[in-house]
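The values are calculated or read from the model by the stated rules, or taken from the named source; none is laboratory data. Just so it is clear, the structure is predicted and the values come from calculations on it, not from any experiment. FYI the Cβ positions are ideal-geometry reconstructions off the backbone, even for glycines, and counts take in every protein chain you see. Note: areas computed on protein heavy atoms with side chains; ligands, DNA, RNA excluded. Shrake-Rupley method; radii C 1.70, N 1.55, O 1.52, S 1.80 Å.
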Amino acid sequence: MRTNKSDDDGDTMQQELPSRPRPSLMLGPEPKHLAPDDEDDALVFLRQALRHATEHLNEPEDEETRKAAVEELRVWALDQPHLNARTDEWSLTCFLRGCKYKQDRARKKMTNYYEIRSKVPEWFHQRDPTLPSLVFLPLLRKDEEGRTVVLIRAVIHDPYKHKLSDVFKIGKMLVDLLLETDEIISIYGVFAVIDLSGVSLGHALQLTPPVIKKAVHAWQDCYPVRTRSMDFINAPIYVNVVLNIFRKFMNDKLKRRVHVHGKSLNSLHKVVSPSILPEEYGGTCGTLQELRDYWLEQAVSKRLWFLENEKHKADFGNTANPD
């Protein structure tokens, strides 16, 4: 149970953590993805996150009830062999949290997720963690609301040298890696900061409406993680021309979470504390190169895991009992 226990004197005893479907990076020997500074604070942070999951994501407080919800989704997934879905407790928990424990929504999102992995092979097949387009960089500390802040630097992608599909591929790889290893992202979601400095006509020309439609579909309909905010910084004057195409495919909730900032870092610092930003963005938490080196090392260490997980995608030649 997640409720606090009290002794006979009425003093609140330290809350015990329930059994976890997936160990959090926060509890590892080198806790990187932390808002707090030490492991004791990390345990407090995790307890707060679990309370948030109960209060805001409809996660059952009782472990038996929670596991029953997971098992219900697992039974459904096993009855959809064409999806080739993962049915481990952790993966299913992510989809349930991402859909506030509504079984019908979780089933739809799982279907979308495994189908897009098959339908868009340029994003999900032959996943090489050493691809040059490491545009997506999750920060190593959470923001004040527990969200994972992901810095997206468009200028890293050279549209005349690199394929846009590789940008989306490495981005999806990092999100999958976060979902696999960091429990907090499944609870508090993602805050995306998109830096448009250096963006050229070549970048814009690669973002055709079909590509934009697939990107938005992946964010809002497929991945079991909520996009809590999308903040564009260093935006050129014509940014709304492109954003209006994105908005065309967004639901109303995601549209309200899109914000455009000017070129002042002060505007960014109002929504993301400098204490978690790299130095290049007026922060005090390391450098961009250190961030890039860290995530490259993490991704390369999971090379075999990425290859193994490529099998989890829909097989449209096997449509037994599809819903």
Discussion item. At 1.4 Å probe size, what's the solvent-accessible area of HIS217? Round to the nearest 10 Å².
Written reply: 70 Å²
Discussion item. Quick one: 3J(HN,Hα) in Hz for the stretch 109-114, Karplus 6.51/-1.76/1.60 with θ = phi - 60°, rounded, Gly and Pro as x.
Written reply: 5, 4, 4, 4, 4, 6
Worksheet item: Can you give the accessible area of TRP219 in Å² (nearest 10), computed on protein heavy atoms with a 1.4 Å probe?
Response: 70 Å²
Worksheet item: Which value, in Å² rounded to 10, gives the accessible area of CYS285 with a 1.4 Å probe and all protein chains present?
Response: 40 Å²
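Charges at C-beta only: +1 for Lys and Arg, -1 for Asp and Glu. How large is the resulting dipole of the stretch 216-291 about its Cα centre, in Debye rounded to 20? Before the final figure, lay out the partial values.
Working: 10 positive and 6 negative charges, 106 e Å.
In total the dipole reaches around 500 debye.
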Response to the item:
Log10 I(q)/I(0) at q = 0.11, 0.17, 0.19 Å⁻¹ for the stretch 66-136, from Debye over equal alpha-carbon scatterers, is -0.33, -0.68, -0.78
Worksheet item: Rounded to the nearest 500 deg cm²/dmol, what is the calculated helix-only ellipticity per residue at 222 nm for the chain, with -39500 (n - 2.57) per DSSP H run of length n ≥ 4?
Response: -13000 deg cm²/dmol
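Order of 47-59, 134-146 by packing, highest average Cβ count within 10 Å first? Spell out each step's value before the answer.
Details: 47-59: 16.8, 134-146: 19.8.
Top to bottom by mean Cβ count within 10 Å: 134-146, 47-59.
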Fill in: Within-12-Å neighbourhood charge of LEU73 [Cβ basis; K, R +1; D, E -1]
+4
Discussion item. With a 1.4 Å probe and all protein chains left in place, how much of the accessible area of the chain comes from carbon and sulfur atoms, in whole percent?
Written reply: 51 percent
Fill in: Alpha-carbon Rg/Rh ratio, for the stretch 104-256, with Rh computed the Kirkwood way
0.93
Worksheet item: In a solvent-free Debye calculation with one equal scatterer on each Cα, what is log10 I(q)/I(0) for the stretch 114-170 at q = 0.15, 0.18, 0.28 Å⁻¹, listed in the order of the q values?
Response: -0.55, -0.72, -1.06
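Quick one: accessible area per residue over the chain, 1.4 Å probe, rounded to a whole number of Å²?
On the way: 15340 Å² over 323 residues.
Per-residue value: 47 Å².
Under the 0.36 nm per residue contour assumption, what length would be gained going from the current alpha-carbon distance of THR87 and HIS125 to full extension? Write down the numbers at each step before the final one.
Numbers: separation 38, 0.36 × 38 = 13.68 nm, distance 2.05 nm.
Contour length minus the Cα-Cα distance gives 11.6 nm.
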